[in-house]
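Student: Mind having a look at this structure? Questions to follow.
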Amino acid sequence: MERFLHAVSVFINHLAAVHWELLAIAVACHMTKVACVARAWRNAVAASYPDTEVRWSTMYGGYLIGVGINAIIPARAGDAVKLVVVKRRVDGSTYPTLAATLVLLNLFDMVVALLLLVWASQSGLLPNLHIIKRLRAFDTDWFLEHPRETLIVLGVLLLAGLIAGIWAWRKVVAFKERVSLGFAALRDRDYYVRHVVPWQAADWTLRVVTIYFFLRAFSITATAKNALLVQVSSGLSTVFPFSPSGIGTAQALIVTVLHDVASRTAILAFSVGMQITLIAVNVALGFLAMGIMLGTFDWRGHTAAEDAAER
């Protein structure tokens, strides 16, 4: 935690050098990116429920709430909340189907992320495993210092997930049907290519454009290569979501991959500044959507009440 607080102090000391107009462009790109993801999700859900009106405003609001909660709470708690919010507002929808539509979107994300990871790795742009192990980030320290215990924890989690998945798949026919329904857009290849892929492609394009303008805002050499490296590093930092928004790991990785681009303090200021800005924007948008859609900021109580009302 002390290392992260030091990184924040470095960012504060660099505030005077920030180009605020470029920072505003980066924020606008990020907000547009979120809208694109919500549109892709809306279209995936609409394919699963062709006879039901699926409003984009509903999906957008629910997605914003999830993004806002994920920004401040680890383990992607916001994903569960947005499912609850959307389920009550899409007639006839079920949790397995809605969750499956998110998995569908994640498949595209995984393919693109893997391609970028392979590119960065094959190009020798990523640090090797020995260097990664020496990176000090408060959210990964314990796991790097206790590799055996970490493997045991991961193994137990994977085994539990596998057993739960196999049990549900074999024992609950209705569950299988509902999960399958969530992939309706993928089975209609023409629909998927025309109504889901373009929005997800726009999402990934805007991710890189957002980072590009953040680099410029903090006077770091802004190139497509550097923006892509930051994107890969940010993606790796969220593989194990033990801290909100991957705070800690992201800074350590970005400082390492951009070590020959600018000074360590400049890169640290950029990394922390970008992350703090995005967290602030996500929280603001999320809680604004929460206030409009739920009429309260007590998302825990409201979610529990809505879930109970379904039973």
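The values are calculated or read from the model by the stated rules, or taken from the named source; none is laboratory data. None of the values given here were measured: they were computed from a predicted structure. The area values use the complete protein model at the heavy-atom level, side chains included, leaving out ligands, DNA and RNA. Shrake-Rupley method; radii C 1.70, N 1.55, O 1.52, S 1.80 Å.
Student: Quick one: length gained pulling D109 to L125 fully straight, 0.36 nm per residue minus the C-alpha distance?
Tutor: 3.7 nm
Student: Considering only protein heavy atoms, what is the solvent-accessible area of W199 at a probe of 1.4 Å, reported in Å² to the nearest 10?
Tutor: 90 Å²
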